[in-house]
Structure formats: C-alpha cells, structure tokens
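What follows is a short report on a single structure.
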Amino acid sequence: MVRKMLVKFGHIVQGFWYKIIGRNKNMRNKRIAICNTCKYKDGSWCGICGCLLDAKTRVYNESCPNDLW
C-alpha cells in the first residue's frame, strides 16, 4: 500500500516536471483527445481519479482509470 502510494506520488511529480519542460507532447495530445470524449472529464481534471490531465497524460506508466488509454 505504501509502495503504491509512493509510486503514484512519483508519477505526479514526473508528470508536472514533464509539463514544465514540455516533454511527451505527442503522447499527451493523443491521450487528451481521448479524455475529451470521456463523460468523467471535469474541466482539466479526471473525474474518477482526480488527477490533472495535462500532467497525468505525459507519463508513460500512467493509465486511464476508465481503461480508455
């Protein structure tokens, strides 16, 4: 449980860093396009997990909680 939380925290930090430096834009754009069709999207946030989509969609090891990507 603690390990899973630490990994998730690491992904959050990684996503925000990638957002700042502009990394993984192509992957982010493809994933955001999918998110834009999801009924759970709440503005810039995922309505299921609560993550900021612009950061989450840049991390390879992250996945959609609704199994869309």
Checklist entry - Which members of the range 49-69 meet the condition of being open to solvent by less than 30 Å² (accessible area, probe 1.4 Å) and in a loop (DSSP other than H, G, I, E, B)? => result CYS51, THR57, ARG58, VAL59, GLU62, CYS64
Checklist entry - Pairs under 6 Å by beta carbon, first residue under 14 Å from TYR60 (Cβ atoms) and of a type in the set (Gly, Ala, Ser) in the range 1-21, partner open to solvent by less than 100 Å² (accessible area, probe 1.4 Å) and at pLDDT 90 or above, six or more apart or different chains? => result GLY15/ALA55; GLY15/LYS56; GLY15/ARG58; GLY15/VAL59
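Over 20 Å from MET5 (Cβ atoms) and without any contact (Cβ under 8 Å) to a residue 60 or more places away in the chain: is that true of ASN66 in this structure?
So ASN66 passes the test.
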Item to check | the range 6-22, residues that are of a type in the set (Gly, Ala, Ser) and touching a helix residue (DSSP H, G or I) at 6+ places or on another chain (Cβ under 7 Å) | outcome: GLY15
Checklist entry - Does LYS30 meet the test of being basic (Lys, Arg), modelled with pLDDT under 95 and out of contact with any Lys or Arg (no Cβ under 8 Å at 6 or more places or on another chain)? => result no
Checklist entry - Restricting attention to the range 14-48, and to residues there that are in contact with a Cys (Cβ under 9 Å, 6 or more places away or on another chain) and in a loop (DSSP other than H, G, I, E, B), which single residue is most open to solvent (accessible area, probe 1.4 Å)? => result TYR40
Next on the checklist: Within the range 49-56, does at least one residue satisfy the condition of being at positive phi and over 11 Å from the mean Cα position of the chain (by Cα)?
Outcome noted: no
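The values are calculated or read from the model by the stated rules, or taken from the named source; none is laboratory data. All values derive from a computational prediction rather than experimental measurement. All Cβ positions, glycine included, derive from the backbone under ideal geometry; neighbour counts span all protein chains shown. Surface areas here come from the heavy atoms of the whole protein model, side chains and all, with no ligands, DNA or RNA. Shrake-Rupley method; radii C 1.70, N 1.55, O 1.52, S 1.80 Å.
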